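Undergrad: Before I ask anything, here is the structure I am working with.
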Amino acid sequence: QVQLRESGGGLVQPGRSLRLSCLASGNIFRFNSMGWYRQAPGKRRELVATFLENGTTSYADSVKGRFTISRDNTVNTVYLQMNSLKPEDTGVYYCNLVPATAASWGQGTQVTVSS
């Protein structure tokens, strides 16, 4: 079981950027894929970005071209760079394995995009 801790959220204006970080308690080399998930108010949690086992990345259509996922295994951290933020990007952001492990959900980090 891996424990995950997200950070970096906040309140930003539309068009601005944020970088989220996810620190894993263990060696994330062992995991096939890592992802960032988002839960918007009143909606189900959705996968928005994945770092695949072969080193490639994939994104939900809603964030493609604006978000970038990366990982640094030397510090057990996965990042989500979010540019050109929109109000519809508002939500709680979580990281987890892909597919997600129920026991590994953390508290998430709140992102609010508003003018």
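Undergrad: State all residues of the range 50-98 that are more than 23 Å from VAL12 (Cβ to Cβ) and over 13 Å from the mean Cα position of the chain (by Cα); if no residue qualifies, say none.
TA: LEU52, GLU53, ASN54, GLY55, THR56, ASP72, ASN73, THR74, VAL75, ASN76
Undergrad: Considering only residues that are touching a strand residue (DSSP E or B) at 6+ places or on another chain (Cβ under 6 Å) and charged (D, E, K, R), look in the range 2-18 and name the one that is farthest from GLY65 (Cα to Cα).
TA: ARG5
Undergrad: Could you count how many residues in the range 39-49 are open to solvent by 60 Å² or more (accessible area, probe 1.4 Å) and within 16 Å of the chain's Cα centre (by Cα)?
TA: Residues meeting the conditions: 5.
Undergrad: Restricting to the range 99-114, name every residue that is within 13 Å of ARG45 (Cβ to Cβ) and in contact with a Phe, Trp or Tyr (Cβ under 9 Å, 6 or more places away or on another chain).
TA: ALA100, TRP105, GLY106, GLY108
Undergrad: May I ask you to list the residues in the range 52-66 that are among the acidic types (Asp, Glu) and closer than 22 Å to GLU88 by Cα?
TA: ASP61
Undergrad: Right, next: Tell me, which residue of the range 80-97 that is open to solvent by less than 40 Å² (accessible area, probe 1.4 Å) and not hydrophobic (A, V, I, L, M, F, W, C) is farthest from ARG38 (Cα to Cα)?
TA: ASN96
The values are calculated or read from the model by the stated rules, or taken from the named source; none is laboratory data. Since this is a predicted model, take the numbers as computed values, not measurements. Every residue, glycine as well, gets a Cβ built from its backbone with ideal geometry; the counts of neighbours run over all protein chains shown. Ligands, DNA and RNA are excluded from the accessible area calculation, which covers all protein heavy atoms including side chains. Shrake-Rupley method; radii C 1.70, N 1.55, O 1.52, S 1.80 Å.
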